[in-house]
Amino acid sequence: MNALSVAVAANLPVLLWGAPGTGKTSAVLALGERLGLPVEVVVGSIREPSDFAGLPVLRDGRTWFAPPRWAERLAESGTGILFLDELTTAPPAVQAAMLRVVLERAVGDLTLPASVRVVAAANPPEQAADGWDLSAPLANRLIHLDWTVNAASVADGFTAGFPPPSLDGLDPAAVRPADVSRSRALVGAFLRVRPELVLSVPDGPARAWPSPRTWELAATALAYTGSSEAVRAELVVGAVGEAAGFELLSWLRDLETLLSDPTAPLPERVDRVHAVLGSVVAHVAADGSADTWQRAWALIARVARHTPDVAATAARSLAARRPRDAVLPGTVLHLTPILRSAGLLP
């Protein structure tokens, strides 16, 4: 539930996958009430393509694709949650009409306000009545979250009442544009190291898969999840899939470990040490903080003891990315030969 709350607060389009009757709709309605957002529920199984693409009518001698009333109500409110329920009961033609709604907030010739959140819910096709697989283009516009319930939480809910949705200490309102820019830069640094993960189009029906669009969703999720590793993992994996998502999270965790733990093991092979230092420099450039820049020098000093040529290359790149308020750490004194060979000292 925390991942859903953060996604809605951060205005990330999200899809809840779960069995029928598990309270997905009730949770979204409760979340809307908690955030003070009106919720418009649109059930895919009873809609036509024109309910999303607009119905052509004549207006002032021109064709106008008129939006349905639910879209007009959201536009009049200026904000809200568009809840696309029973998504896998929508036939392919209806799913295709939803594409612009999810990505561009466009319903016919009406553009919904940017603050309108998009939340969808779906049963796995095998559990849905006349279920359809989700098309890859539509799947790629959403963060996919598994909606699960357990007996204890249901029993407690019936006994003491179901708790309202909670952000559990997370404060999406505190996120600044600079935080999002930093997360985007970190994802960009990772993709420089693993360019083959930029795009991986599935052959058939799929849920989350990596593309430039979903990497942007993942980057925004990183900015909004703060120190909550569980929520961060859920949203990142829900955006780009398990393989790519866990690799990004592991890359970020390994870099932070190397920068903070002087005893963390380094790879034995020189080519892998070179790759690690390249990732560290990219991470430092994306982070932009003086503290991270200074800690990177300690890592370069470790590498210099065994492979000074590799350390010299990284030192040159790191020096070129020195933040304005950064002070050279004491470890640099031990790197004088390396810095001189890198052309950084006379």
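The values are calculated or read from the model by the stated rules, or taken from the named source; none is laboratory data. Since we're looking at a predicted model, the values are computed, not measured. Quick reminder, even Gly has a Cβ in these numbers, built from the backbone with ideal geometry, and neighbours come from all protein chains shown. Please note that ligands, DNA and RNA were not included when accessible areas were found on the heavy atoms of the full protein model with its side chains. Shrake-Rupley method; radii C 1.70, N 1.55, O 1.52, S 1.80 Å.
Checking the condition open to solvent by 50 Å² or more (accessible area, probe 1.4 Å) and within 11 Å of the chain's Cα centre (by Cα), which residue from 256, 216 passes?
Criteria check complete, one pass: 216.
Within the option set 19, 30, being under 30 Å from residue 179 (Cα atoms) and touching a Pro at 6+ places or on another chain (Cβ under 8 Å) holds for one residue only, 30. When restricted to residues that are part of a helix (DSSP H, G or I), under 17 Å from residue 13 (Cβ atoms) and not hydroxyl-bearing (Ser, Thr, Tyr), region 180-229 contains 11. As a summary of the residue check, residue 345 satisfies the conditions (1) more than 20 Å from residue 260 (Cβ to Cβ); (2) at pLDDT 80 or above; (3) not in a helix (DSSP H, G or I) except for the one numbered (2).
Comparison of 67, 38 shows that the only residue that is in contact (Cβ under 8 Å) with a residue 40 or more places away in the chain, within 26 Å of the chain's Cα centre (by Cα) and farther than 30 Å from residue 240 by Cβ is 38. When region 203-213 is filtered for residues that are exposed (fewer than 14 other Cβ atoms within 10 Å of the Cβ) and at pLDDT below 90, the ones remaining, listed by number, are 203, 204, 205.
Of the residues that make up region 229-237, is at least one over 24 Å from residue 292 (Cβ atoms), at pLDDT 90 or above and out of contact with any Leu (no Cβ under 7 Å at 6 or more places or on another chain)? Yes, that holds for at least one residue.
The set of residues in region 232-250 that are open to solvent by 30 Å² or more (accessible area, probe 1.4 Å), in contact with a helix residue (DSSP H, G or I) (Cβ under 7 Å, 6 or more places away or on another chain) and not charged (D, E, K, R) contains only 246.
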